[in-house]
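Worksheet: the structure to be examined is printed underneath.
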Amino acid sequence: MAGEGMREEARLPDGAPTIKRSFLFDRWPRFASRHPWLPLAGAAVILTALAAAYIAGHGEYGDAFNLPGAEAQQLTDMLQERFPGRAGEAATIVVSAPAGLDDPQVQSRVQSLLAELAALPDVVGVSSPYETPGAISPDRTIARISVQYSKTAFHLDKPSASALMDLRQQSSTPDFQVEAGGAIVWRAERRPPESTEAIGLATAVIILLVAFGSVVAMGLPIITALLALASGFFLLGVGTSLVTMPSFTSEFTAMVGIGVGIDYALLIVTRFREALANKLSVEEAIVQASATAGRSVVFAGSTVVIALLGLFAVGIPFVGYVGAAAALFVALSVLVAVFVLPAILRIAARHIDRWRLPGLAAPVHDSETGLGYRLSRMVQRAPVLFLTGSLVILLGLAAPVLAMRLGTSDAGNNPPSYTSRRSYDLLSRGFGPGFNAPIIVGFAVNDAAAATKVEQLPAALKGVDGVAGVSPPTFNQDRSAAVITVFPSTEPQAQETADLVHRLRTMVHQSFNGSSGQALVGGTTALVIDVGDKISAGLPLFFGAVIGLSFLLLMAVFRSVVVALKAAAMNLLSIGAAFGVMVAIFQWGWLGNIVGVHREGPIEAFLPMMLFAVLFGLSMDYEVFLVGRIREEYLRTGDNTESVARGLSLTTRVISAAAAIMIAVFLSFALSDQRVVKEFGIGLATAIFVDATIVRLILVPSVMQLMGSANWWFPAWLDRIVPRVGVDRNRPARPAAARQPAPVIPD
């Protein structure tokens with residue numbers, strides 16, 4: 001027996017072709033089957049070490065954006081160097097007094113509030129509405145107070161942010177309403193997802209019980225998913241001490257981690273039960289499950305990981321970090337499924353179907369009388385009809401994508417129970433919606449001439465279309481830097497606000513052209529606009545790269561051009577349908593009251609890219625599992641029609657269960673108060689539902705029936721240059737002469 005890297009070859013009796021025995025899919029499963037407690041002990045040691053590392057040095061999540069090269073980022077860097085007092089975050093306190101701000105008692109309470117705000121930790125300045133022009137509404141009932149902090153929201157200690165929230169709550173009464181807004185407030189009032197993970201797991205338990213009909217079989221995917229999830233959270237916690245992770249990272253990664261963790265184990269456990277039913281020994285059943293479903297899991301998981309890591313190519317650090325975090329959870333799910341699950345299967349052995357529940361005695365797989373087989377035969381009898389009908393449905397769902405508007409949600413999208421939402425509403429009522437979207441114009445002042453231009457600029461800025469207000473310039477102590485705050489007439493997420501940012505940049509750049517000074521337009525409003533612009537510019541390239549990579553990988557796996565093209569097109573249809581549903585709900589407000597969307601708005605700029613990476617990878621799971629089984633049948637019989645029907649029959653139950661689990665987990669996260677988490681949950685759930693029903697049950701059999709033997713067309717020249725990446729055991733195809741022609745199905 002000759003060694004060859006991680007593989008070894010063995011000659012079978014009677015001159016049979018050699019079978020490559022890989023370490024991962026043959027030797028390791030046998031080792032885990034013979035010594036199951038060693039892998040489990042190793043997993044326990046690793047988990048304990050990760051927990052210790054988390055306790056010793058975990059960080060916190062934040063919402064700090066870092067966008068290298070963007071003008072808003074340049075402004076932040078310049079202010080940190082020349083005007084650190086204005087480089088930190090500013091919170092906005094809004095006071096509403098029906099008696100009027102000129103009432104002596106109200107004035108006294110405002111002055112007391114100003115003094116208490118100035119005494120808060122990390123506060124370096126507080127503006128008085130009585131001394132700041134335009135800080136009191138025309139009806140004299142609403143005032144805005146700017147509280148300048150020395151640090152950004154992410155770097156501010158939690159006690160400092162909590163102190164602001166506590167003071168707001170203590171100061172607010174029915175006749176003197178006090179609300180707070182800004183990035184610091186957003187971070188302080190952000191709530192954890194509470195019981196969403198528990199709801200998702202509980203639903204997964206019910207679905208697995210229905211799928212397996214056994215408590216023991218149900219428990220195995222749950223155990224492995226929790227093991228991967230715990231390891232991921234420990235590693236992610238350590239990672240937050242090194243880099244800035246957005247606040248929704250934990251919810252997003254939990255969604256992906258629970259879903260793929262359960263699904264990957266489900267695929268392997270299903271093949272293990274099927275092998276036992278075919279009278280294989282426990283060890284051989286474990287090896288077969290690893291060599292078939294295990295290979296599919298590794299391939300599909302690798303595709304997801306590559307797609308998610310590709311988010312770094314966009315050039316926006318926080319997008320790449322979220323992608324890397326999700327990729328970590330997927331990779332851990334694959335590792336647990338491949339290295340730990342075989343040992344758990346050995347311990348469960350033939351007891352895997354114990355503790356059956358009455359009425360849920362699930363078969364190990366469907367037969368020719370099963371639902372999947374009958375459905376496939378029905379579709380194959382009228383493939384054109386079913387293909388046309390399914391395409392109409394998918395294109396109809398995807399149609400709203402044509403009106404998709406990318407942007408960033410603001411405090412106006414928060415629930416009314418949030419002080420940031422109430423602050424937003426008060427500012428809009430008293431001053432206009434644009435006062436929730438301040439734009440900062442900053443200046444590097446190198447001489448007196450530049451300072452004079454800064455002092456003259458507010459008058460010119462007031463005449464710019466879309467400007468509702470302009471503050472006087474504020475200089476630092478040595479007058480080497482200055483800032484002017486511009487308030488638009490439109491809300492933060494409006495396209496008009498983005499247009500105004502671009503107009504302001506053109507204007508101030510021209511004003512300082514030839515001057516020794518420098519003018520930059522930034523602030524939080526401009527920064528999120530810069531993020532959206534950069535993502536929009538990179539979307540076509542990213543989409544093309546992911547589709548191209550998936551196409552090449554599927555060609556390498558299935559040795560078919562048609563299968564790869566079909567998979568890419570169908571994945572695009574299911575993702576397009578998901579995006580269309582998101583536009584209808586979040587942008588147009590359809591069903592908003594049902595799903596908890598308090599106000600329509602744009603789709604988060606970074607969300608389509610992240611969803612595309614995740615969904616394209618997850619769709620590959622079902623594609624590989626279904627088409628892999630069809631290919632196995634085709635290599636065995638050479639009959640395309642029967643292979644499609646049998647492949648669908650053998651996978652319908654497990655794909656339906658896997659999809660139902662994914663949908664349940666993703667929808668549970670739609671219960672979150674955070675709009676972006678809702679978008680992730682509903683988008684992912686919609687795509688998985690469409691993919692597992694319309695695409696896998698109707699489109700795949702109809703297209704493969706119409707294509708016939710052309711499904712497996714792969715020119716010889718392409719076969720020579722495309723590497724082989726198998727997801728099944730090395731089973732040679734039957735010679736063409738031995739294959740029976742595909743029967744014609746009568747109409």
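The values are calculated or read from the model by the stated rules, or taken from the named source; none is laboratory data. Treat the numbers as computed from the prediction; the structure is a model and nothing was measured. Methodologically, a virtual Cβ is constructed for each residue, glycine included, from the backbone with ideal geometry; neighbour enumeration extends over all protein chains shown. In case anyone asks, the SASA skips ligands and DNA or RNA and just uses the protein heavy atoms, side chains included. Shrake-Rupley method; radii C 1.70, N 1.55, O 1.52, S 1.80 Å.
Worth a mention:
- Residue in segment 76-86 that is open to solvent by less than 50 Å² (accessible area, probe 1.4 Å), out of contact with any strand residue (DSSP E or B) (no Cβ under 8 Å at 6 or more places or on another chain) and either part of a helix (DSSP H, G or I) or under 30 Å from His502 (Cβ atoms) (or both) present: no
- Of the residues making up segment 504-522, those that are within 33 Å of the chain's Cα centre (by Cα) and open to solvent by 20 Å² or more (accessible area, probe 1.4 Å) number 1.
- Residue within segment 621-629 that is out of contact with any Cys (no Cβ under 9 Å at 6 or more places or on another chain), surrounded by fewer than 24 Cβ atoms within 10 Å (Cβ to Cβ) and in contact (Cβ under 8 Å) with a residue 60 or more places away in the chain present: yes
- Any pair with Cβ under 8 angstrom, 6 or more apart, that starts in segment 690-717 at a residue that is on the phi > 0 side of the Ramachandran plot and in a helix (DSSP H, G or I) and ends at one that is open to solvent by 10 Å² or more (accessible area, probe 1.4 Å) and not basic (Lys, Arg): Gly708/Ala742
- Extreme residue, surrounded by the fewest Cβ atoms within 10 Å (Cβ to Cβ), among residues of segment 129-152 that are in contact with a helix residue (DSSP H, G or I) (Cβ under 6 Å, 6 or more places away or on another chain) and within 13 Å of Thr92 (Cα to Cα): Ile142
- Odd one out for Trp590, checked against (1) open to solvent by 10 Å² or more (accessible area, probe 1.4 Å); (2) more than 30 Å from Thr490 (Cβ to Cβ); (3) out of contact with any Leu (no Cβ under 6 Å at 6 or more places or on another chain): (2)
- Looking only at segment 570-580, residues that are in contact with a Phe, Trp or Tyr (Cβ under 9 Å, 6 or more places away or on another chain) and open to solvent by 10 Å² or more (accessible area, probe 1.4 Å) come to 2 in all.
- Test set (1) in contact with an Asp or Glu (Cβ under 9 Å, 6 or more places away or on another chain); (2) modelled with pLDDT under 85; (3) closer than 30 Å to Ala645 by Cβ - Arg724 fails condition number: (1)
- If you filter segment 247-282 down to residues that are aliphatic (A, V, I, L, M) and without any contact (Cβ under 8 Å) to a residue 24 or more places away in the chain, you find that the one that is surrounded by the most Cβ atoms within 10 Å (Cβ to Cβ) is Ala275.
- Within segment 434-459, being under 24 Å from Arg144 (Cα atoms) and in contact (Cβ under 8 Å) with a residue 40 or more places away in the chain holds for Gly434, Phe435, Asn436, Ala437, Pro438, Ile439, Ile440, Val441, Gly442, Leu457.
- Verdict on Ala337 being at pLDDT 90 or above, open to solvent by less than 10 Å² (accessible area, probe 1.4 Å) and under 17 Å from Leu236 (Cβ atoms): no
- Of the residues making up segment 407-424, those that are open to solvent by less than 50 Å² (accessible area, probe 1.4 Å) and either within 22 Å of the chain's Cα centre (by Cα) or of a type in the set (Gly, Ala, Ser) (or both) number 11.
- Close contacts from segment 53-72, counting a first residue that is outside any loop (DSSP other than H, G, I, E, B) and a second that is modelled with pLDDT under 70 and of a type in the set (Phe, Trp, Tyr), with Cβ to Cβ under 9 Å and a gap of 6+ residues or different chains, come to Ala72/Phe65.
- Residue match in segment 500-510 (condition: basic (Lys, Arg) and either closer than 30 Å to Ile393 by Cβ or without any contact (Cβ under 8 Å) to a residue 24 or more places away in the chain (or both)): no
- Annotation: of all residues in segment 510-523 being in contact with a helix residue (DSSP H, G or I) (Cβ under 6 Å, 6 or more places away or on another chain) and at pLDDT below 85, the one that is nearest to Phe312 (Cα to Cα) is Gly517.
- Where a residue in segment 151-174 is closer than 19 Å to Val110 by Cβ and its partner, wherever it lies, is surrounded by fewer than 13 Cβ atoms within 10 Å (Cβ to Cβ) and among the polar types (S, T, N, Q), with Cβ under 9 Å and at least six apart: Ser171/Ser112
- Set Phe299, Phe233, Phe252: member being farther than 30 Å from Ala567 by Cβ and aromatic (Phe, Trp, Tyr): Phe233
- Test: residue in segment 178-186 that is open to solvent by 50 Å² or more (accessible area, probe 1.4 Å) and modelled with pLDDT under 95: yes
- Restricting segment 447-471 to residues that are at pLDDT below 90, hydrophobic (A, V, I, L, M, F, W, C) and surrounded by fewer than 17 Cβ atoms within 10 Å (Cβ to Cβ), the residue that is nearest to Val501 (Cα to Cα): Ala449
- Scanning segment 1-53 for residues that are modelled with pLDDT of 50 or more and under 20 Å from Ala285 (Cα atoms) yields a total of 21.
- Just one residue in the set Leu394, Leu385, Leu427 is open to solvent by 40 Å² or more (accessible area, probe 1.4 Å) and not basic (Lys, Arg); that residue is Leu385.
- Residue tally, condition closer than 16 Å to Ala143 by Cα, of a type in the set (Gly, Ala, Ser) and in a helix (DSSP H, G or I), over segment 401-439: 5
- Qualifying residue in segment 290-297 (condition: touching a strand residue (DSSP E or B) at 6+ places or on another chain (Cβ under 9 Å), farther than 25 Å from Val210 by Cα, of a type in the set (Gly, Ala, Ser) and open to solvent by less than 10 Å² (accessible area, probe 1.4 Å)): yes
- Top-ranked residue in segment 632-666 [being within 30 Å of Pro602 (Cα to Cα) and without any contact (Cβ under 8 Å) to a residue 40 or more places away in the chain; ranked as most open to solvent (accessible area, probe 1.4 Å)]: Ile663
- The condition (being over 20 Å from Val695 (Cα atoms), open to solvent by less than 10 Å² (accessible area, probe 1.4 Å) and in contact with a Leu (Cβ under 7 Å, 6 or more places away or on another chain)) is satisfied by just one residue among Ala567, Ala556, Ala605: Ala605.
- Among the residues of segment 511-551, those identified as assigned to a helix (DSSP H, G or I), touching a residue at least 24 places away in the same chain (Cβ under 8 Å) and among the aromatic types (Phe, Trp, Tyr) are Phe542, Phe543.
- Those helices (runs of 4 or more DSSP H) lying entirely in segment 97-199 with at least 2 residues among the basic types (Lys, Arg): 158-171
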